[in-house]
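Colleague: Could you have a look at this structure, given as structure tokens, before my questions?
Each value in this text was obtained by applying a stated rule to the coordinates, not by laboratory testing. Every value quoted in this text rests on a predicted model; they were computed, and no experiment measured them. Here Cβ is always computed from backbone atoms with ideal geometry, including for glycine, and neighbour counts include all displayed protein chains.
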Amino acid sequence: MKISVIGAGYLGATHAICMASLGHEVVVVDVDSEKIALLKGGTLPFFEPGLSELLSSVLETKTISFTTDITAISECAINFLCIGTPQNREGIAADLSALERAFDSVLSVAKSDSIIVGKSTVPVGTAQRLARELSNKKSDTTLNWNPEFLREGHAVADTFEPNRIVIGALAPSDARVLADFYRSFSPNTPQFITNFPTAELVKVAANAFLATKISFINAMSEIADATGADVTVLADAIGIDDRIGRKFLGAGIGFGGGCLPKDIRAFLARADELGLGESLAFLQEFDLINQRARSRAVAVALKELGNPKGKKVAILGAAFKPESDDVRDSPALEIAQTLAALGADVVVNDPRALASAAEKVPDLTYEESITQTLQGAELTMLLTEWNEYRSLDPEKVIGLVKTPTLFDGRNVLDVGKWQTAGWKLLALGRSL
Ligand SMILES: NC(=O)c1ccc[n+]([C@@H]2O[C@H](COP(=O)([O-])OP(=O)(O)OC[C@H]3O[C@@H](n4cnc5c(N)ncnc54)[C@H](O)[C@@H]3O)[C@@H](O)[C@H]2O)c1
């Protein structure tokens, strides 16, 4: 099938490359000419495991093309909108301006019997509004809303085998082509064909729930800090109950990235607009708990360092999570920045995110070698749980640092092993 993907960011590039590898003829359009040039040349503008190899193969088979020219989509049967919906600069609502511009430009050139599929995460009510626009323009184009649940770091597998497909449409018959499209490569994935508001809400409700779980355990971590309890044992012991589940109960410095933080804020803003602020007031609290986790980490560092001026702090991790180079709203990078602003001599290492971090926060010191990062450190902070850090040998690296004190911001290290090797370990939610 000839399809287009509008927006070649994390979501769009992944979706486009995976669909091309299945044999679809894919046209990718983005307004960012640098991004398009990179992709054309076979370079991904971000890191995602396995995706670069797939890009090379679809460029070779010529099943994909990249352009800034929107008219290139005019023959496509399905047009996927994968446009960013970031937090508004002036408030906490989502900024839909880029999505609206892209929708209008697609509509102006798409063939009349084609389908426009919104994959971006949007406030409830958006799809209905865009569908009204179609009907006002007497367009025959069909609109589907098909939120995306892929996880950065696992995006390729999640695209080929999503755990669910949700399609919002004006009528179930409008969703048939898209439902068949997904069924052709992922026949066992449960599909939910529903109306627009439900489809939009499934996505933001899922993110709100995940944020709630993480912030819940971080709230417990605050209580544990004050009472001498151990939040990791607490998480294991409550998570063993399969009604609760252990996943997303990792206490630490909290969540970040390009989705969860802005999505829960946009959800709060939308609830306020609907006069339902009370229904989601708990999310406001969970956003604050999440931000507090970052300041609690800084407080632990300052307690340890005393006056931080000129003291070397080795920061292990810049990405918001492992297996990604995404530093959008990264807790690790914010903690590094705060300590640097307080005068510490901060050196940041990350296996994949040094370039994106340096682009976002140019005035920090970045170091590619873990050895050099640790050399002479008075405090080491593990802030992104990359395997490279989890598998460090505490006996080997103790010789590098000036002071063998390590803050495990993700509660992932084998405490006994590190302590036996002579390290003092610090963490949130447990006294070690
Ligand atoms: N990144 C994820 O893991 C993920 C997962 C699920 C859902 N989402 C949602 O998907 C959407 C996109 O997220 P992302 O992370 O890929 O964002 P992104 O910022 O990485 O990419 C968005 C792309 O859209 C392009 N763009 C903007 N206006 C355009 C226009 N008029 N025409 C063509 N291209 C245009 C930008 O240049 C950019 O390359 C968001 O709503 C996000 O919440 C993302």
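Colleague: Treat each spin label as a single point 7 Å out from the Cα along the C-beta direction, and report the D363 to D236 distance in nm.
Modeller: The two pseudo-label positions are separated by 4.4 nm.
Colleague: Taking Cα pairs under 8 Å and at least six residues apart, what relative contact order does the chain come out at, in percent?
Modeller: In percent, rounded to a whole number, it is 12.
Colleague: Order of W386, W145 from fewest to most other C-beta atoms within 10 Å?
Modeller: W386, W145
Colleague: Still on this structure, I have one more. From the cross-link list K360/K417; K309/K360; K262/K312; K40/K247; K62/K138, which pairs have alpha carbons spaced over 27 Å apart?
Modeller: From K360/K417; K309/K360; K262/K312; K40/K247; K62/K138, over 27 Å: K360/K417; K262/K312; K40/K247; K62/K138.
Colleague: Report, ordered by chain and residue number, the aspartates and glutamates lying within cross-link reach of K203, taken as a straight Cα distance under 14 Å and ignoring same-chain residues fewer than 8 apart.
Modeller: E148, D263
Colleague: From Cα pairs below 8 angstrom and at least 6 apart in sequence, can you work out the relative contact order of region 2-194, rounded to a whole percent?
Modeller: In percent, rounded to a whole number, it is 19.
Colleague: Taking only C-alpha pairs under 8 Å that are 6+ residues apart, what is the relative contact order of region 313-432 in percent?
Modeller: About 25 percent, as a whole number.
Colleague: Next question. Multiply the residue gap between F209 and L302 by 0.36 nm, knock off their C-alpha separation, and tell me the result in nm, one decimal place.
Modeller: Separation in residues times 0.36 nm, less the Cα-Cα distance, equals 30.2 nm.
Colleague: Sticking with this one: Can you tell me the order of 244-252, 394-402 when each peptide is scored by its average per-residue count of other Cβ atoms within 10 angstrom, highest first?
Modeller: 244-252, 394-402
Colleague: Could you tally the net charge around A77, taking each other residue with its Cβ under 12 Å from the Cβ of A77, Lys/Arg +1 and Asp/Glu -1?
Modeller: -2
Colleague: Going by average Cβ neighbours within 10 Å, how do the peptides 284-295, 207-218 rank, with the highest at the top?
Modeller: Peptide ranking by packing, descending: 207-218, 284-295.
Colleague: What FRET efficiency would be calculated for the residue pair T141, A98, taking the C-beta separation as r and a Förster radius of 22 Å, to the nearest 0.05?
Modeller: After rounding to 0.05, the efficiency reads 0.65.
Colleague: Amide H to amide H under 5 Å from L426: which residues, 5+ apart in sequence or cross-chain, H placed 1.01 Å off N in plane?
Modeller: L406, F407, D408
Colleague: Cβ neighbours within 10 Å, averaged per peptide: list 8-18, 147-157, 35-45 in order, most packed at the top.
Modeller: 8-18, 147-157, 35-45
Colleague: To continue, here is another question. What FRET efficiency would be calculated for the residue pair E60, N163, taking the C-beta separation as r and a Förster radius of 25 Å, to the nearest 0.05?
Modeller: Efficiency computed from Cβ-Cβ geometry: 0.25.
Colleague: Near E388, within a Cβ-to-Cβ distance under 15 Å, what is the net charge of the other residues, with Lys and Arg +1 and Asp and Glu -1?
Modeller: -3
Colleague: Also: Neighbouring Cβ atoms within 10 Å as the yardstick, rank Y389, Y366 fewest first.
Modeller: Y366, Y389
Colleague: With a 10 Å Cβ neighbour count serving as the proxy for reagent exposure, in which order, fewest first, do E133, E278, E367 appear?
Modeller: E278, E133, E367
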